[in-house]
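Asker: Once you've had a glance at the structure underneath, I'll fire off some questions.
Every number in this text was worked out from the coordinates using simple rules, so none of it is lab data. Computed from a prediction, not measured in an experiment: that's the story for all the values here. Here the Cβ positions follow ideal geometry from the backbone for every residue, glycine too, while neighbour counts run over all protein chains shown.
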Amino acid sequence: MVDHRSDPSALRFLIGHDLRVAREQAGLKQSEAAKALGCSQAKINYLETGKTQQKPDEVTALLRSYGADVEHVDRMASLAARADQGTWWAPFGDVLPNWFRTFVGLEGLAAAEFTYESLLLPGQLQTPDYASALLVGNLQVPPMDAPQVVRARMARQRLADDANPLRFRAVIEEYVLDRIVGGPRVMRTQLEHLLTHMQRDNVELHVMPVTVAVHDGLDGDFLLLDFDEAQSIGYIEYPTGAIYVQDQDQVAAYTLSADRLCAAALSVSDSADAIAARIETLATSSED
């Protein structure tokens with residue numbers, strides 16, 4: 001987790017989640033955990049929900065009392081020591097909904113991301129023009145805020161970050177390629193952008209052909225975030241909010257679904273061919 005993507009609230013979220021899971025695995029109640037710090041049950045609840053900044057010594061004391069191994073204790077204490085840094089997305093805070101800010105912070109801290117998208121291209125792969133076209137007539141984003149929303153989306157992108165590139169894997173439905181967002185020229189440039197990024201070692205994009213009638217994505221779009229020093233988290237978004245999947249058995253089920261989706265979809269090479277075919281069609285239509 002690199003400093004230029006720091007986010008105190010996201011770190012508190014991750015640390016709190018880890019503390020709760022470790023306590024539950026140890027079979028302890030919050031009132032019992034409170035004895036390790038000599039504090040109230042309410043404070044344990046605040047620490048686990050991220051409402052209160054977790055200090056390194058508090059994290060260490062709690063995890064040791066839960067029987068966590070030394071390496072894990074040291075990792076989480078190190079994370080807690082970073083939670084007083086600034087928030088990288090602060091310049092865009094005025095256009096980020098409160099419910100979305102946590103995700104933006106977590107995504108910035110993640111080492112890897114998987115996403116299944118049924119309707120649109122993932123934000124990490126969008127061009128500015130494609131992103132702008134998506135906001136035309138959007139009920140959630142006033143026209144005057146649209147340019148800043150696009151800048152925020154571009155700022156989130158880490159696939160070409162030389163210092164700490166995000167390992168990115170995605171499955172998109174084939175008809176996403178045929179939804180001509182912004183017109184032929186915008187869409188052609190967007191598809192060319194996809195092919196360019198697919199040449200990177202940290203990007204894996206699969207196209208789900210319409211001929212695959214039934215697959216794991218039919219239950220809805222979802223996203224997974226993996227971290228080098230914390231437990232993975234699932235994320236399901238709806239128009240006015242989001243659900244975080246934190247139970248590790250459920251996260252494992254989503255991870256299995258992600259692998260199954262990649263296996264059912266076209267290979268990376270065949271996906272690139274499908275995208276290239278659309279580019280050729282759009283180039284021809286633009287000439288006409």
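Asker: What distance in nm separates the simple spin-label points at Ser118 and Ser78, each placed 7 Å from Cα in the Cβ direction?
Answerer: That separation, rounded to one decimal, is 4.0 nm.
Asker: Can you check what the net charge comes to around Gly105, using other residues whose Cβ is under 11 Å from the Cβ of Gly105 (Lys, Arg +1; Asp, Glu -1)?
Answerer: +2
Asker: Of Ala163, Ala81, Ala22, which is the most mobile in a GNM of the chain whose springs link Cα atoms less than 10 angstrom apart?
Answerer: Of the options given, Ala163 has the highest mean-square fluctuation.
Asker: Here's another thing I want to ask about it. Would you mind calculating the relative contact order of the chain from Cα pairs under 8 angstrom and at least 6 residues apart, reporting the percent as a whole number?
Answerer: Numbers: 435 pairs, mean separation 55.1, N = 288.
The normalised contact order for the chain reaches 19 percent.
Asker: Please state the charge dipole magnitude for the chain, taken about the Cα centre, from unit charges on C-beta atoms (+1 on K and R, -1 on D and E), reported in debye and rounded to the nearest 20. Mind showing how you got there, number by number?
Answerer: On the way: 25 positive and 41 negative charges, 201 e Å.
Dipole of the chain, to the nearest 20 debye: 960 debye.
Asker: I need to check one value: relative contact order of the range 185-283, counting alpha carbon pairs closer than 8 Å and at least 6 residues apart, in percent.
Answerer: Working: 96 pairs, mean separation 39.1, N = 99.
Reported as a whole number, the value is 40 percent.
Asker: Still on this structure, please answer the following. Looking only at Ile15, Ile233, Ile180, which one moves most when the chain is put into a Gaussian network model with springs between Cα atoms under 10 Å?
Answerer: Highest fluctuation of the listed residues: Ile180.
Asker: Please report, in cubic angstrom per residue, the volume enclosed by the convex hull of the alpha-carbon atoms of the chain. Walk me through the numbers before you get to the answer.
Answerer: Numbers: hull volume 40.0 nm³, N = 288.
Taking the convex hull of the Cα positions in the chain, it is 139 Å³ per residue.
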